[in-house]
Amino acid sequence: MADVIILGAGLTGLSAAYHLDAQGIEYTIFEKSDRAGGLLKSAYDAGYTFDHTGHFLHVSDEGFKIFLDQTIGLSSFDIIQRRSGIFSHNALTQYPFQMNLHGLPTAVIAECIEGFVKRHRQTKDPQTFYAWVLKHFGHGFGKHFFFSYNKKILAYNLKKVHPAWTGRFVPSTTLHDIIEGCFDKKERSGIGYNSSFYYPKQGGIESIVKGITHKITQPIKSLHDVSAIDPTARIVYFTNGHSETYKTLVSTLPLNRLLAILKAPSSTTFNQAAQYLIHNSVVNINLGFNTIIPVDKHWIYFPEEEYPFYRLGFWHNVSKSLVPANHTAVYGEFSYIADRTKPDRVKKLIDQTTSKILDFLQLSDQHKTVEKILHLEHAYVIYDTWRENHLQTLLSSLTAFNIHSIGRYGAWKYSSMQEAYQDGKAVAAIIKNNLERTTSRAQKGATRGRNPAAIL
């Protein structure tokens, strides 16, 4: 029996393992894939490095910085000031849209300013993202960016999306900022949580995972896909026939999958709850070219329906190490809800996205040297009302069975790599505290049961 089993060797699971090591707590870590990383993987093809979509390290926590230095080494990273933009109305404007209207048609600028002045400030507690935008930015900004862009990235009805996820991810604005941004085209620094980021100098984002795996003491048991979990007997079953008992389970599996495979008592509603957790999937289309692309951005957002992708990223601007000399590479992404989208529709969107990327870059198939299409089954979790009303109860109920469901998908949230690190560190501290309490109770019980004469 393992003291602790960790399911999933993504960044959250690896952070948990690293911090359990530091506490001297035994653990076993299982991974369904052939190697660690989760979504922090890189694909290598013909001299190109393609990450499983754009993953950039936003570091604001000193503990996370120390962790990176101890596992990978800070000298292994470039620190990059974000260069991003928004393409709409046939104009490339600076990010964020709500501060950078310069270059847009006059009618659009006027509609955004008027909408901001007349925004629904009287709305006390908006329960949908749609209403939240109207309260904080107004109809003009909603129409020309927030509604169209977020509908594309979430692939979901915004009037059913709760605004709890917004927080630090959507920069606020003022009338002064808006007006100033109508006349000034220069990119503003320090705006938003992702105004700067760390990125490995070599090897793509997966180099982070490789660095961490070399620092943990226990080998990762790969190709172990979970088929079922008995939370009462505390047994994990795998599709390869292996089973393992545990005292404490740390799961970074997507929460909907975890709930679906639990052999829970009939008094619980875990299995039924799985169907109410909604997420989308993303197709990440990577293209390599034998020519230079005259765009200096790291990525560009595309809110308009004309473009099936919501973001276009430029790998060669992130790091020259990701492409062969004198070559460039981009990635385009689109979202869809898997159980509402037929495979033929996904294939059509891949073809349309590839074609539109080439059109936008004014390139042809003759310039294309490689194409790598990556599928992300779990991409963005949907913050709907059901999630807001039931998520914490679900997570607490799992904890009562000594199951800690953590990380972006384990805790069913929108979070960064830094938060994945923090979640792993936090669960290690909880496990240590629980073990200490259990040991203390056992020692007190043993003392009460001793013969006083024997003590003397």
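Of the residues F56, F50, F67, F97, which single one is in contact with a Leu (Cβ under 8 Å, 6 or more places away or on another chain) and of a type in the set (F, W, Y)?
On the way: F56 fails: in contact with a Leu (Cβ under 8 Å, 6 or more places away or on another chain); F67 fails: in contact with a Leu (Cβ under 8 Å, 6 or more places away or on another chain); F97 fails: in contact with a Leu (Cβ under 8 Å, 6 or more places away or on another chain).
Every option except F50 fails the conditions.
Among the residues of the stretch 40-58, write down those that are buried (at least 20 other Cβ atoms within 10 Å of the Cβ) and out of contact with any helix residue (DSSP H, G or I) (no Cβ under 8 Å at 6 or more places or on another chain). Once the filter is applied, which keeps residues that are buried (at least 20 other Cβ atoms within 10 Å of the Cβ) and out of contact with any helix residue (DSSP H, G or I) (no Cβ under 8 Å at 6 or more places or on another chain), the stretch 40-58 yields only H52. Of the listed requirements (1) more than 30 Å from A22 (Cβ to Cβ); (2) at pLDDT 95 or above; (3) in a loop (DSSP other than H, G, I, E, B); (4) aliphatic (A, V, I, L, M), I178 misses just one: (3).
Among the residues that make up the stretch 188-201, is at least one of them part of a helix (DSSP H, G or I) and farther than 26 Å from I337 by Cβ? Looking through the stretch 188-201, none of the residues is part of a helix (DSSP H, G or I) and farther than 26 Å from I337 by Cβ. Looking across the stretch 293-322, just one residue is touching an Asp or Glu at 6+ places or on another chain (Cβ under 6 Å) and part of a strand (DSSP E or B), and that is R311. Within the stretch 117-172, the residues that satisfy the criterion of being among the polar types (S, T, N, Q), over 18 Å from A379 (Cα atoms) and not in a helix (DSSP H, G or I) are Q122, T123, Q127, T128, S172. Hey, any hits in the stretch 400-417 for a residue that's surrounded by fewer than 12 Cβ atoms within 10 Å (Cβ to Cβ) and either outside the structural domain of L262 (by TED's automatic domain parsing) or within 26 Å of A274 (Cα to Cα) (or both)? Yes, the stretch 400-417 contains a residue that is surrounded by fewer than 12 Cβ atoms within 10 Å (Cβ to Cβ) and either outside the structural domain of L262 (by TED's automatic domain parsing) or within 26 Å of A274 (Cα to Cα) (or both).
Among the candidates I235, I208, I229, single out the residue that is within 24 Å of the chain's Cα centre (by Cα) and at negative phi. Spell out the reasoning first.
Values: I235 fails: within 24 Å of the chain's Cα centre (by Cα); I229 fails: within 24 Å of the chain's Cα centre (by Cα).
Going through I235, I208, I229 in turn, just one is within 24 Å of the chain's Cα centre (by Cα) and at negative phi: I208.
The residue of the stretch 269-299 that is modelled with the highest pLDDT, among those that are surrounded by fewer than 17 Cβ atoms within 10 Å (Cβ to Cβ) and in contact with a Leu (Cβ under 8 Å, 6 or more places away or on another chain), is T291.
Is it true that some residue in the stretch 381-403 is touching an Asp or Glu at 6+ places or on another chain (Cβ under 7 Å) and in a helix (DSSP H, G or I)? The answer is no, given that none of the residues of the stretch 381-403 is touching an Asp or Glu at 6+ places or on another chain (Cβ under 7 Å) and in a helix (DSSP H, G or I). Test L258 against the stated conditions and say whether it is in the same structural domain as K413 (by TED's automatic domain parsing), part of a helix (DSSP H, G or I) and on the phi < 0 side of the Ramachandran plot. Spelling it out, L258 is indeed in the same structural domain as K413 (by TED's automatic domain parsing), part of a helix (DSSP H, G or I) and on the phi < 0 side of the Ramachandran plot.
Can you tell me which residue among K152, K118, K186, K160 is out of contact with any Asp or Glu (no Cβ under 6 Å at 6 or more places or on another chain), surrounded by fewer than 19 Cβ atoms within 10 Å (Cβ to Cβ), over 30 Å from K65 (Cβ atoms) and among the charged types (D, E, K, R)? Outline the logic, then answer.
Working: K152 fails: surrounded by fewer than 19 Cβ atoms within 10 Å (Cβ to Cβ); K186 fails: over 30 Å from K65 (Cβ atoms); K160 fails: out of contact with any Asp or Glu (no Cβ under 6 Å at 6 or more places or on another chain).
So the residue among K152, K118, K186, K160 that is out of contact with any Asp or Glu (no Cβ under 6 Å at 6 or more places or on another chain), surrounded by fewer than 19 Cβ atoms within 10 Å (Cβ to Cβ), over 30 Å from K65 (Cβ atoms) and among the charged types (D, E, K, R) is K118.
The set of residues from the stretch 14-29 being closer than 15 Å to D225 by Cα and crowded, with 24+ Cβ neighbours inside 10 Å comprises just one member, I29.
Residues in the stretch 136-171 that are touching a residue at least 40 places away in the same chain (Cβ under 8 Å) and small (G, A, S): S148, A155, A164.
In the stretch 393-412, the count of residues that are at pLDDT below 95 and not hydrophobic (A, V, I, L, M, F, W, C) is zero. Of the conditions (1) crowded, with 18+ Cβ neighbours inside 10 Å; (2) in a helix (DSSP H, G or I); (3) more than 21 Å from the chain's Cα centre (by Cα), A329 satisfies every one except a single condition; which number is it? Unmet for A329, out of (1) crowded, with 18+ Cβ neighbours inside 10 Å; (2) in a helix (DSSP H, G or I); (3) more than 21 Å from the chain's Cα centre (by Cα): (2).
Of all residues being outside any loop (DSSP other than H, G, I, E, B) and in contact with a helix residue (DSSP H, G or I) (Cβ under 8 Å, 6 or more places away or on another chain) in the stretch 334-366, which is surrounded by the fewest Cβ atoms within 10 Å (Cβ to Cβ)? Just the residue, please.
So in the stretch 334-366, the residues outside any loop (DSSP other than H, G, I, E, B) come out as 334-336, 338-340, 343-361, 365-366.
Filter again for in contact with a helix residue (DSSP H, G or I) (Cβ under 8 Å, 6 or more places away or on another chain), leaving 334-336, 358, 365.
Values: F334: 25, S335: 24, Y336: 17, L358: 17, D365: 10.
Among residues in the stretch 334-366 that are outside any loop (DSSP other than H, G, I, E, B) and in contact with a helix residue (DSSP H, G or I) (Cβ under 8 Å, 6 or more places away or on another chain), the one surrounded by the fewest Cβ atoms within 10 Å (Cβ to Cβ) is D365.
Number of residues in the stretch 1-13 that are surrounded by 19 or more Cβ atoms within 10 Å (Cβ to Cβ), hydrophobic (A, V, I, L, M, F, W, C) and outside any strand (DSSP E or B): the value is 2.
All of K263, K247, K186, K201 fail the test of being more than 24 Å from the chain's Cα centre (by Cα), among the basic types (K, R) and more than 22 Å from K32 (Cα to Cα), apart from K186. In the stretch 211-220, the count of residues that are in a helix (DSSP H, G or I), basic (K, R), within 28 Å of the chain's Cα centre (by Cα) and surrounded by fewer than 20 Cβ atoms within 10 Å (Cβ to Cβ) is zero.
The values are calculated or read from the model by the stated rules, or taken from the named source; none is laboratory data. Please read all numbers here as calculations on a predicted model, not as lab measurements. Cβ atoms come from the backbone with ideal geometry, glycine included; neighbour counts cover every protein chain shown.
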